[in-house]
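K.L.:
For reference, the structure I am asking about is given below.
The values are calculated or read from the model by the stated rules, or taken from the named source; none is laboratory data. Predicted model only: the values in this text are computed from it and were never measured. For neighbour counting, all protein chains shown are included, and Cβ atoms are generated from backbone atoms with ideal geometry for every residue, glycine included. Heavy atoms of the whole protein, side chains included, go into the accessibility calculation; ligands, DNA and RNA do not. Shrake-Rupley method; radii C 1.70, N 1.55, O 1.52, S 1.80 Å.
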Amino acid sequence: VNFVVCQLVALFAAFWFRIYLSPGKTSPLARHTFATIFGIYFVIFCFGWYSAHLFVLVLMCYGILVTASVSNIHRYSFFVAMGYLTICHVSRIYIFHYGILTTDFSGPLMIVTQKITTLAFQVHDGLGRRAEDLSAEQHRLAVKVKPSFLEYLSYLLNFMSVIAGPCNNFKDYIAFIEGRHVHMKLLEVNWKEKGSHSLPEPSPTGAVIHKLCVTGVSLLLFLTLTKTFPVTSLADDWFVHKANFLTRLGYLYVVMQASKPKYYLAWTLADAVNNAAGFGFSGVDQNGNFCWDLLSNLNIWKIETATSFRMYLGNWNIQTATWLKRVCYERVPWYPTVFTFILSALWHGVYPGYYFTFLTGILVTVAARTVRNNCRHYFLSSKGLKVAYDVATWAATQLAVSYTVAPFVMLAVEPTISLYRTFEW
């Protein structure tokens, strides 16, 4: 209830923030201050004294940002943030037995960990590496001046993203606060070359209404579908011992579909809150329409129609996948896929189910890549074969995802072992 109340209050506050504290009327200092104070209030309202964990981590990592050498700032920040997050995960679950089925302080802590490490790596890129050693994206996002304390707090704890995210880039956030965000994105797509001498002011209202409609449908599905097909039914006697293989496979798919609406609800509402404040503009699509998906965490249509494991993962929890790519996949010298899955599991928490899912995910990713590379070209000779291939790979992908992520939702070892045994591993 606290989560929903805070996000709805944040939605109205975001509209007010965009209209009455717009960059044209208000200084960046005032915008930073309001966003920070309101965000801190939300955290305290939701989590009480547990919010101290968030503030301790933020202060520790600011100390690292200020005092550490630029050649090591990313390493120290990464290990301190991930270490503190892991300690909180372990103590919350195995020592205090708190928060197994409730919204808890580890959610905001996970988002803050992403932002802390993202900023630390971008400061390292900007101040500790040569420009020629950076990729084009790293060069674009590199931070060449360490942020002030208020900018740091505002980036990590602003009311728009402190409860449910998503993670974003420091330079994008500062540009938003200073009123350069939209124009910067328009200039990136060479808007002036389109025949217009002045830059427009796109309104996020349409995008916000669309995302609120998706949120409403997701809420309805959560209250009906999720309750009708709970994940606990995968441990029922009829499912484990009586249903035949195809029935179990079909039911597994339905249960996993029913577990998605809560994620659709939380991520789409969080996206709408940021858009309502005027943050999240990403440019112009090929049809000339303004896009507000810079911070979007999922693409529901592409998820449900995915014909490959990679396509599915690329449209699910997009900002976390981007974070994993930028701080791990692009930077580790050995086995980047393996290390990225391990970091993802560690970031999510210490429930055994997470490790079942991500270790299985490594195998499925390698298998899917191998099958695609060796088989796909045989089905490109005609439209009929291509359609047949797409249908088959859609079904295989959806079922493989259901099989892989079931432990993520079940959490514990016993039901996971029971489930995988019924499918002959």
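K.L.:
Quick one: Karplus J couplings for region 83-91, per residue in order, coefficients 6.51, -1.76, 1.60, θ = phi - 60°, nearest Hz, x for Gly and Pro?
P.N.:
Going residue by residue, I get x, 5, 4, 5, 4, 5, 4, 5, 5 Hz, with x marking Gly and Pro.
K.L.:
While we're looking at this one, here's another question. Any idea what the dipole of region 1-178 comes to, in debye rounded to 20, about its Cα centre with Lys/Arg Cβ at +1 and Asp/Glu Cβ at -1? Write out the running numbers ahead of the final one.
P.N.:
Values: 12 positive and 8 negative charges, 38 e Å.
Here the size comes out at about 180 debye.
K.L.:
Same structure, new question: Counting only residues 5 or more places away or on other chains, whose amide H sits under 5 Å from the amide H of Leu298 once H atoms are built in the peptide plane?
P.N.:
So Leu298 has HN proximity to Ile318.
K.L.:
Taking amide H positions as placed 1.01 Å from N in the peptide plane, with prolines and chain starts having none, which residues 5 or more places from Gly283, or on another chain, fall under 5 Å of its amide H?
P.N.:
Residues meeting the criterion, in which the H sits 1.01 Å from N, are Cys291.
K.L.:
For Ala392 and Ile300, FRET efficiency with R0 = 25 Å and r from the beta-carbon atoms, rounded to 0.05? Walk me through the numbers on the way to the answer.
P.N.:
Values: r = 22 Å, r/R0 = 0.89.
The value I calculate is 0.65.
K.L.:
Alpha carbon centre of region 324-357 versus region 364-379: separation in Å?
P.N.:
When both Cα centres are located, 23 Å separates them.
K.L.:
Taking 7 Å along the Cα-to-C-beta vector as the label spot, tell me the Ser135-Asn244 distance in nanometres, rounded to one decimal.
P.N.:
The two pseudo-label positions are separated by 4.8 nm.
K.L.:
Any idea what the dipole of the chain comes to, in debye rounded to 20, about its Cα centre with Lys/Arg Cβ at +1 and Asp/Glu Cβ at -1?
P.N.:
Working: 33 positive and 21 negative charges, 93 e Å.
Dipole about the Cα centre, nearest 20: 440 debye.
K.L.:
Moving on. Please give the helix 352-375 orientation as an angle from the longest Cα principal axis of the chain, in degrees from 0 to 90, rounded to the nearest 10.
P.N.:
It works out to around 80 degrees.
K.L.:
Run down the lysines and flag those whose C-alpha is under 29 Å from the C-alpha of Lys25, throwing out any fewer than 8 positions away in its chain.
P.N.:
Cα-Cα hits under 29 Å: Lys115, Lys144, Lys146, Lys171, Lys185, Lys192, Lys211.
K.L.:
I want to verify a result. In a Gaussian network model of the chain, Cα cutoff 10 Å, which of these has the top mean-square fluctuation: Leu119, Leu29, Leu252?
P.N.:
So, out of Leu119, Leu29, Leu252, the one fluctuating most is Leu29.
K.L.:
Which of Leu346, Leu385, Leu54 ends up with the largest GNM mean-square fluctuation for the chain, with Cα atoms connected below 10 Å?
P.N.:
Per the Cα network of the chain with a 10 Å cutoff, Leu385 tops the list.
K.L.:
Within region 300-391, report the chymotrypsin sites (Phe, Trp or Tyr not before Pro) that DSSP leaves as loop and that have at most 13 other Cβ atoms within 10 Å.
P.N.:
Numbers: sites: Trp301, Phe309, Tyr312, Trp316, Trp323, Tyr329, Trp334, Phe339, Phe341, Trp347, Tyr354, Tyr355, Phe356, Phe358, Tyr378, Phe379, Tyr389; in loops: Trp334.
Within region 300-391, the qualifying chymotrypsin sites (Phe, Trp or Tyr not before Pro) (loop, at most 13 other Cβ atoms within 10 Å) are Trp334.
K.L.:
In the full protein assembly as shown, how much of Val1 is accessible to a 1.4 Å probe, in Å² to the nearest 10?
P.N.:
Answer for Val1: close to 140 Å² accessible.
K.L.:
Label Lys146 and Trp49 with points 7 Å out from Cα along Cα→Cβ: what is the distance between them in nm?
P.N.:
Each label point lies 7 Å from its Cα, and together they span 3.3 nm.
K.L.:
Which whole-number value in Å² is the accessible area per residue of region 1-178, probe 1.4 Å?
P.N.:
On the way: 7600 Å² over 178 residues.
Normalised by residue count, the accessible surface of region 1-178 is 43 Å².
K.L.:
To continue, here is another question. Using only Cα atoms, tell me the angle between helix 106-128 and the longest principal axis of the chain; keep it within 0 to 90° and round to the nearest 10.
P.N.:
Helix 106-128 and the main axis of the chain meet at about 60 degrees.
K.L.:
Something else: Please give the FRET efficiency for Ala235 paired with Gln257, using the beta carbon to beta carbon distance and R0 = 22 Å, rounded to the nearest 0.05. Intermediate values should be presented prior to the final figure.
P.N.:
Values: r = 18 Å, r/R0 = 0.82.
Working from the Cβ atoms, E equals 0.75.
K.L.:
A follow-up question, please. Relative to the longest principal axis of the C-alpha atoms of the chain, give the angle of the C-alpha long axis of helix 336-348, reported between 0 and 90° and rounded to the nearest 10°.
P.N.:
80
K.L.:
Another question about this same structure. Using a Gaussian network model on the chain with a 10 Å cutoff between Cα atoms, which of Val112, Val350, Val387 fluctuates the most?
P.N.:
Val387
K.L.:
Shape of region 1-178 from its Cα gyration tensor (a ≥ b ≥ c, root eigenvalues): rounded if a/c is under 1.5, otherwise prolate when a/b > b/c, or oblate?
P.N.:
Details: a/c = 2.17, a/b = 1.13, b/c = 1.92.
Judged from the Cα gyration tensor, region 1-178 comes out oblate (a/c at least 1.5, b/c at or above a/b).
K.L.:
What is the dipole size for region 299-424, taken about its Cα centre, with +1 at each Lys and Arg Cβ and -1 at each Asp and Glu Cβ, in debye to the nearest 20?
P.N.:
Details: 11 positive and 5 negative charges, 101 e Å.
Here region 299-424 has a charge dipole of around 480 debye.
K.L.:
Of Pro204, Cys291, Phe229, which is farthest towards the positive pole of region 196-296's charge dipole, taken about the Cα centre with +1 and -1 on the beta-carbons of Lys, Arg and Asp, Glu respectively?
P.N.:
Ranked along the dipole, the leading option is Phe229.
K.L.:
Express the carbon and sulfur contribution to the solvent-accessible surface of region 299-424 as a percent, rounded to the nearest whole number, probe 1.4 angstrom.
P.N.:
Values: 4500 of 6570 Å².
Result for region 299-424: 69 percent of the exposed heavy-atom area is carbon or sulfur.
K.L.:
Sticking with this one: Could you give the length gained by full extension between Thr337 and Phe12, i.e. 0.36 nm per residue of separation minus their alpha carbon distance, to one decimal place?
P.N.:
Numbers: separation 325, 0.36 × 325 = 117.00 nm, distance 4.07 nm.
The span from Thr337 to Phe12 would gain 112.9 nm if fully extended.
K.L.:
Which residue, chosen from Asn315, Gly349, Val387, occupies the Cα position most advanced towards the positive end of the dipole of region 299-424, where the dipole is computed from +1 (Lys, Arg) and -1 (Asp, Glu) charges on Cβ about the Cα centre?
P.N.:
So the residue we want is Val387.
K.L.:
Now for a separate question. In nm, what is the difference between 0.36 nm times the number of residues separating Val90 and Lys25 and their Cα-Cα distance? Please list the in-between numbers first.
P.N.:
Numbers: separation 65, 0.36 × 65 = 23.40 nm, distance 4.62 nm.
Gain on stretching Val90 to Lys25: 18.8 nm.
K.L.:
With the Cα gyration tensor of region 299-424 giving a ≥ b ≥ c as the square roots of its eigenvalues, does the rule (a/c under 1.5 for rounded; else a/b larger than b/c for prolate; else oblate) give rounded, prolate or oblate?
P.N.:
Numbers: a/c = 1.96, a/b = 1.35, b/c = 1.45.
Verdict is oblate for region 299-424.
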